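**Q** Right, I'll just put the structure down here and ask away after.
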Amino acid sequence: MTPKVLIIGLDGATWDLMKPLTEKGKLPTLRKLIDEGVHGDLESTITPSTGLAWVSFATGKNPGKHGCYDFNIPKKSLSNIKTITTKDIQGSTFYEILSENGKKCIIINLPCSYPPRINGIVITSLMTQSDNCIFPRDLINEVPELKNYRIFPDVSLHERGKIIEYVNDIRELERNRFECAKILFKKDWDFFFILFSGTDWIQHDMFAELISGLLDDNSAPIKLYEEIDGYIGWFVDNAPQNTNIFLVSDHGFKAYKKAFYINAWLRKEGFLKVEQKSKRKTSSSKFEVESEKVASKMINIKVPVFLLKHLSWIAPFYYKFKKYLPINPKVEICPKLSDSVAYSIASTIRSNFGSIYINDKKRFIDGKVEIENYEKVREEIINKLKMLKDPKTGENVIKKVWKKEELYFGDNLEIGPDIFFMLSDEYQVRSGLFAPQIFNYKLVEYSSGHALYGIFLAYGPDIRKRIEIKNVRIYDIAPTILHVFGMAIPRDMDGRVLKEIFKEDSELSEKRIKYQEIKEEEKIKIKKKIKEIKDI
């Protein structure tokens, strides 16, 4: 029989939480899949950012090749920050390869899937920049439940401090997503993907409480995990017999005790300059005004008002970070990038990993650093990071620093951050341009954030049983899926086929891995496809 593949994503899931819940009997489906399948940690990207990680999952490539380093990337200036879409992904995703080879694909809630680059059914997710996330649009007539489909929960509940109501709204959103997916699951498909985002949203608020095991078993957060486990169980029970199922997360999670504000540090060290500007008046709607506050203050960018209404991903971040923004309604503090040497644009990761751009004249039209001084400046910042100590404890703060070429490689390496760094485990990186101090020792709200290791699980007719594996990376999923379908793997993929997950006597274990050279005409074809979707 022709194989089928089902991938279920659990955003931000980590075994540090999932296994204790399983051992308490809260997640019976996950217990079954662990006992009858293969599981292990899944190493995410550096940095473990949602946008970067899911694009790496889809392409099987490092960002030096696919060109997406975070939710946002600079375009010709560090003051001109663009939200990524599929037209920024260089090269093909594995589901495009499947589609081009006649496989029917259904994709629900995959970050950076807007606008779709396949003809199958796609319900887009984060970074959707229009009022429509359902493709083809007339699918709503066939699946009326899609009329209630939402990308985000009601963040105003969170803003008003109604956390339990907020959690219950997330539960309702995921319930509706599941009901829509159940109907689509009955269609004819070869590859089916669905991501549940609620795990990430709740963990940003409550991971410390969840990991402590002190929450009541009947509390709303625990109920969400039980419900999602039930949804997974339904997919397992109703999947065709020839379906291999994969459960993956884009990154893990961790509760942090302290925060390090990278842009406040760059400012203190003289690498980043700021200026005050009078706020311009606008007659925009409330949503647009709030979104602009986020764009100019949290992310430190200016976005034309006519675009703001399309940036649906901004609003949730606004509500989370509103209280940390300046309170002067007439003046805003902005980075003066024309006088700045370095800047960190990544403000939403909140992990112990961070990145820094050098404002050089080679890439940026308002760059400050001469090309011949680029390496000198980079070395200076790296050396100062390595010497950074916590002023209270005297302990080293930095665990590791990399130049970008030490982590990544490819035709799109140049557009990425120039420095990546990893803090000690108790510190979380924050953007922090407006932070009154470089360190915060009393994290109370939003202290939980992303971590490097998520989850991987495989289950199905071709999968071994009761095996725990190591050394699985997010890049490995794409080539493994192509191998399941017997398709040639592009040689420029960085991941490997996870052959050790397959039964020894199975066809997938015994058959030779096929590779495909990427010819120049294929690259031209991909670029043409990207160009064709630019105006969607």
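The values are calculated or read from the model by the stated rules, or taken from the named source; none is laboratory data. None of these values were measured; they are calculated from a predicted model. All Cβ positions, glycine included, derive from the backbone under ideal geometry; neighbour counts span all protein chains shown.
**Q** Taking segment 473-522 as the search range and keeping residues that are part of a strand (DSSP E or B) and modelled with pLDDT under 95, which one is nearest to F456 (Cα to Cα)?
**A** Restricting to residues being part of a strand (DSSP E or B) and modelled with pLDDT under 95, the top hit is Y515.
**Q** Could you list all residues from segment 62-97 that are modelled with pLDDT of 95 or more, outside any loop (DSSP other than H, G, I, E, B) and touching a Leu at 6+ places or on another chain (Cβ under 7 Å)?
**A** Those that are modelled with pLDDT of 95 or more, outside any loop (DSSP other than H, G, I, E, B) and touching a Leu at 6+ places or on another chain (Cβ under 7 Å): P63, G64, F94, I97.
**Q** Can you tell me which of (1) more than 16 Å from L27 (Cβ to Cβ); (2) buried (at least 22 other Cβ atoms within 10 Å of the Cβ) is the one I164 doesn't meet?
**A** (2) is the only condition that I164 fails.
**Q** In segment 27-61, which residues are surrounded by fewer than 24 Cβ atoms within 10 Å (Cβ to Cβ) and of a type in the set (K, R)?
**A** Scanning segment 27-61 gives R31, K32.
**Q** Still on this model: How many of the residues in segment 227-258 are under 23 Å from the mean Cα position of the chain (by Cα) and in a strand (DSSP E or B)?
**A** So the count comes out to 9.
**Q** All but one of (1) within 23 Å of the chain's Cα centre (by Cα); (2) assigned to a helix (DSSP H, G or I) hold for I107; which doesn't?
**A** (2)
**Q** Check R150 against each of (1) within 21 Å of the chain's Cα centre (by Cα); (2) surrounded by 21 or more Cβ atoms within 10 Å (Cβ to Cβ) and name the one condition it does not meet.
**A** So R150 meets the others, but not (2).
**Q** Residue check, L413 against (1) touching a helix residue (DSSP H, G or I) at 6+ places or on another chain (Cβ under 6 Å); (2) free of Cβ contacts under 8 Å to residues at least 24 places away in the same chain; (3) not charged (D, E, K, R), all met but one. Which one?
**A** Here L413 meets the rest and fails (2).
**Q** Hey, another quick one. Working carefully through the options T29, T22, T47, find the one that is in a loop (DSSP other than H, G, I, E, B) and hydroxyl-bearing (S, T, Y).
**A** Result: T47 is the single residue among T29, T22, T47 that is in a loop (DSSP other than H, G, I, E, B) and hydroxyl-bearing (S, T, Y).
**Q** Then there is this: Output yes when any residue across segment 147-159 is aromatic (F, W, Y) and touching a residue at least 24 places away in the same chain (Cβ under 8 Å), and no when none is.
**A** Yes.
**Q** Also: Which of the helices (runs of 4 or more DSSP H) found entirely inside segment 121-196 contain at least 2 residues meeting this: farther than 25 Å from K104 by Cβ, at pLDDT below 95 and not acidic (D, E)?
**A** Of the helices (runs of 4 or more DSSP H) lying wholly inside segment 121-196, those with at least 2 residues that are farther than 25 Å from K104 by Cβ, at pLDDT below 95 and not acidic (D, E) span 155-159, 163-185.
**Q** Using the structure shown, decide if D535 is modelled with pLDDT of 95 or more and among the acidic types (D, E).
**A** So D535 fails the test.
**Q** Just need a number here: residues in segment 183-236 that are under 17 Å from S447 (Cα atoms) and of a type in the set (S, T, N, Q).
**A** 3
**Q** Looking only at segment 98-120, which residues are among the small types (G, A, S), at pLDDT 95 or above and surrounded by fewer than 22 Cβ atoms within 10 Å (Cβ to Cβ)?
**A** Within segment 98-120, S99, G102 meet the criteria.
**Q** Is segment 42-65 home to any residue that is within 24 Å of D462 (Cα to Cα) and in contact with a Lys or Arg (Cβ under 6 Å, 6 or more places away or on another chain)?
**A** yes
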